[in-house]
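One structure is given here, and the rest of the page talks about it.
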Amino acid sequence: MKNIMYILISCLCLNQVSAQDSTRITTNFKDTIAVKIDTSYWQRSFSGGINFNQASFSNWSGGGVNSIAIGGVIAARSLYEKGKTSWDNTADLQLGYVTQLGSTRKAADQIIIISVLGHQIAPKWDLFISGTFNTFFAAGYRYDKLPADQTSLKVSSFFAPAQLTFAAGLAYKPTNWFALRLSPIAPRLTFLADQSVRIPQDATTGNYIPDPTQKAYGVDPGKSSRTEWLAFQLQAVLNKNLSENVSLNARYQLFTEYAQFDNINHRLDLILTAKVSRYVNTTFGLIALYNKDFSSSLQIQQTLALGLSYNLSSFRKKKEKTDPTSGRF
């Protein structure tokens, strides 16, 4: 009789469990129990900060200029992992302004969105396809080396320029904090939605002057886009906690057309963050860019800020030596 009762109870449990999509049968010694399945294959993180600086002077014998500076930084990430497939999406956004003597100027501006779809073919190797998009939020102006009748000239704006790069290739991921992606196929599109940013430098005077007949950001006059079909791209990504309160995020990108190896583009993005308290941190940012289509010289943007921050993350900790999917960004 006991055996019959046990069989009936087991059948009832099986029927009840099969009617619930979110449960499964698990055997625990002699007992059969229903355990809720974890179907959350997404991990997400968000980090946002606001930096504010202000200085004012009144009858100050040492001199000084009243100023206000405000800036915002957002870093967001959404990662999907299931089996050997991963889909990693990141967004790095920043915008800042400085006001002095009634004049407001842009201090920092960046939009970078990266999406990488990968499939693991070996413990440290993935095949992947990716898309990278970058542009600016707002118009940017030049204030030096201008004709006498000009106080500023617009040199950039939203989608002027903007770049969209597609890439496919092989990724090497030896650890959970570093990845190297090689893309022998990497076509890139450059957009120029605002023709007024064609501001070449005069070879005689050294001043920058508006000239709609000149090439800008690699886009020929009269056109609003440029396509580089046959190109190679290399990306190296490092995302590591140097200590409990200090983290380093770095990304290096090399891009070149096969037909123009004398014009190799280099870009380095680096962010070093030190946590002061739960809602306060200090951030050092550096962007170094070398692209002859943009400028014949090395371009550098550097920021150092102390401000309020808010962080939210659902990323799970991984054991680097035992987790077969470690190393995904």
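In table form, for the structure just shown:
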quantity	calculated
Residues of region 281-297 classified as in contact (Cβ under 8 Å) with a residue 60 or more places away in the chain, within 23 Å of Ala250 (Cα to Cα) and open to solvent by 30 Å² or more (accessible area, probe 1.4 Å), total	2
Subset of region 250-280 [open to solvent by less than 70 Å² (accessible area, probe 1.4 Å) and over 27 Å from Ser115 (Cβ atoms)]	Ala274, Ser277, Val280
Close pairs (8 angstrom Cβ cut-off, 6 or more residues apart or separate chains): within 21 Å of Thr175 (Cβ to Cβ) in region 298-321, in a loop (DSSP other than H, G, I, E, B) and at pLDDT 90 or above anywhere	Glu320/Thr175
Hits in region 119-141 - residues which are open to solvent by 70 Å² or more (accessible area, probe 1.4 Å) and either at positive phi or not hydrophobic (A, V, I, L, M, F, W, C) (or both)	His119, Pro123, Lys124, Tyr141
Strands (runs of 3 or more DSSP E) lying entirely in region 162-249 (those with 3 or more residues that are open to solvent by less than 40 Å² (accessible area, probe 1.4 Å))	162-172, 178-185, 231-241
Members of region 82-118 found to be buried (at least 17 other Cβ atoms within 10 Å of the Cβ) and either more than 24 Å from Gln163 (Cα to Cα) or of a type in the set (Asp, Glu) (or both), listed by number	Ser86, Asp88, Asp92, Asp109
Members of region 41-69 found to be under 29 Å from Ala274 (Cα atoms) and over 21 Å from the mean Cα position of the chain (by Cα), listed by number	Phe52, Asn53, Gln54, Ala55, Ser56, Asn66, Ser67, Ile68, Ala69
Lone qualifier among Asn249, Asn263, Asn241 - being modelled with pLDDT under 95 and under 24 Å from Ser156 (Cα atoms)	Asn263
Subset tally (residues that are farther than 16 Å from Thr227 by Cα, free of Cβ contacts under 8 Å to residues at least 40 places away in the same chain and assigned to a strand (DSSP E or B)) for region 254-272	6
Selected residue (criterion: farthest from Gln110 (Cα to Cα)) from residues of region 48-69 that are hydrophobic (A, V, I, L, M, F, W, C) and open to solvent by 90 Å² or more (accessible area, probe 1.4 Å)	Trp60
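The values are calculated or read from the model by the stated rules, or taken from the named source; none is laboratory data. Computed from a prediction, not measured in an experiment: that's the story for all the values here. Don't worry about glycine lacking a Cβ; one is built from the backbone with ideal geometry, like all the others, and counts go over all protein chains shown. Surface areas here come from the heavy atoms of the whole protein model, side chains and all, with no ligands, DNA or RNA. Shrake-Rupley method; radii C 1.70, N 1.55, O 1.52, S 1.80 Å.
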